[in-house]
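Chemist: So that we are looking at the same thing, I have put the structure below in structure tokens.
The values are calculated or read from the model by the stated rules, or taken from the named source; none is laboratory data. This structure is a prediction, so every number in the text was calculated from the model and none was measured. Every residue, glycine as well, gets a Cβ built from its backbone with ideal geometry; the counts of neighbours run over all protein chains shown.
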Amino acid sequence: MTKMNCWQESDQSDICDLLKRLAPTEGFTLTPLEGVKLMRWNRSLPRSPVLYEPSIVVICSGRKIGYLGQEVFHYNPQHFLVLSVPLPFESETIASEEEPLMGISIRINIPILSELILMLDQGSSHSELGTHGMVSTPLDAKLSNTVLRLLQALTSANDTDILGHSILREIHYRVLTSNQGEAIRALLSQQNHLGKISKALRRIHSDFADDLNVAKLADETGMSLAAFHASFKAVTATSPIQYLKTTRLHKARLLMFQDGTSAAHASAKVGYESPSQFSREFKRLFGKTPMEDMAAMRESLITLPFDPASKYVTVQP
């Protein structure tokens with residue numbers, strides 16, 4: 001897809017200019033609109049573990065590469081990313097002072113989706129989604145122009161209050177009617193495996209510190225244990241137990257970095273009974289001990305903003 005197909009004339013330049021103004025510093029910038037975050041990096045970041053909430057990510061400059069299992073996803077000025085479920089994966093950022101990574105992350109809004117799907121479907125049926133909950137799809141001029149109008153609204157408090165939610169609704173509509181709209185349509189369906197697994201993932205994110213077991217999660221989704229295991233891996237590219245461990249480790253990392261919580265206290269708060277087991281699994285995921293990881297993050301000035309409105313454990317550097 002060419003640039004002319006992706007962007008209306010001057011939209012990409014205007015979006016980048018607005019992001020430079022609205023997100024002047026590196027890292028993530030929360031906006032007055034719930035679930036909307038701006039991102040900026042003036043340097044490349046190595047491949048590292050992340051955990052995204054269900055979201056739409058549009059990039060205007062620089063590029064990111066996502067690694068989920070054996071698959072690779074590119075999100076850049078030509079492709080946007082859709083995650084219909086909260087997914088742990090690995091992400092790499094390619095950016096520089098001359099071409100910073102700049103973009104916007106929009107949390108998927110379930111009430112908006114429900115309303116739009118009812119209006120679009122009118123009794124029509126859709127095929128079972130055969131892939132997991134992460135897709136990268138070509139950007140088109142209609143979606144990029146809608147993102148531009150959202151950023152323009154964010155420059156004015158009145159515009160944000162009056163226009164912001166209607167523009168977010170339009171963005172959801174544009175994604176639903178894109179080539180990969182099924183990826184988020186299936187989020188609301190309890191008749192296919194993605195809808196059922198998304199229910200289990202919400203349970204894990206709300207109760208990760210509890211003694212969750214796979215049999216109970218399978219029962220809550222109305223699936224046999226074997227079907228649950230197979231469907232879970234198809235959606236997330238990992239097992240239920242490994243997903244739970246990853247969620248706990250990301251949450252502990254947030255507690256240590258944002259609140260200054262000790263590793264021992266953080267491990268207990270997320271459900272670990274053994275601090276030594278926590279340290280081993282933390283190093284296996286992040287490549288460093290908890291103490292080494294905190295020192296490296298502070299030295300590199302990485303920020304992990306806390307979004308109190310999110311229902312998911314989210315780490316998105």
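Chemist: Select from the stretch 151-205 the residues that are polar (S, T, N, Q) and modelled with pLDDT of 90 or more and list them in ascending order.
Modeler: Just the residues of the stretch 151-205 that are polar (S, T, N, Q), to begin with: 152, 155-156, 158, 160, 166, 177-180, 189-192, 198.
Correct list: Gln152, Thr155, Ser156, Asn158, Thr160, Ser166.
Chemist: I've got another one for you. Any idea how many residues of the stretch 204-239 are surrounded by 14 or more Cβ atoms within 10 Å (Cβ to Cβ), over 17 Å from the mean Cα position of the chain (by Cα) and under 20 Å from Phe89 (Cβ atoms)?
Modeler: Result for the stretch 204-239: 6.
Chemist: Can you tell me which residues in the stretch 234-257 are assigned to a helix (DSSP H, G or I), of a type in the set (S, T, N, Q) and out of contact with any Ser or Thr (no Cβ under 8 Å at 6 or more places or on another chain)? Break it down stepwise before answering.
Modeler: To start, the set of residues in the stretch 234-257 that are assigned to a helix (DSSP H, G or I) comprises 234-236, 240-257.
Checking which are of a type in the set (S, T, N, Q) leaves us with 236, 242, 246-247.
If the condition is that a residue be assigned to a helix (DSSP H, G or I), of a type in the set (S, T, N, Q) and out of contact with any Ser or Thr (no Cβ under 8 Å at 6 or more places or on another chain), then Thr236, Gln242, Thr247 are the ones that fit.
Chemist: Please find, within the stretch 45-93, the residue that is farthest from Leu148 (Cα to Cα) out of those that are basic (Lys, Arg) and more than 15 Å from the chain's Cα centre (by Cα). Write out each step before concluding.
Modeler: Restricting attention to the stretch 45-93, the residues satisfying the condition of being basic (Lys, Arg) are 47, 63-64.
Keeping just the survivors that are more than 15 Å from the chain's Cα centre (by Cα) gives 47, 63.
Working: Arg47: 29, Arg63: 18 Å.
The residue in question is Arg47.
Chemist: Of all residues in the stretch 254-265, how many are closer than 18 Å to Gly287 by Cβ and over 17 Å from the mean Cα position of the chain (by Cα)?
Modeler: Applying the first criterion (closer than 18 Å to Gly287 by Cβ) to the stretch 254-265 yields 254, 256-257, 263.
If we keep only those that are over 17 Å from the mean Cα position of the chain (by Cα) as well, we get 256-257, 263.
So the answer is 3.
Chemist: Taking the condition of being at pLDDT 85 or above, part of a helix (DSSP H, G or I) and not charged (D, E, K, R), how many residues in the stretch 258-294 meet it?
Modeler: 17
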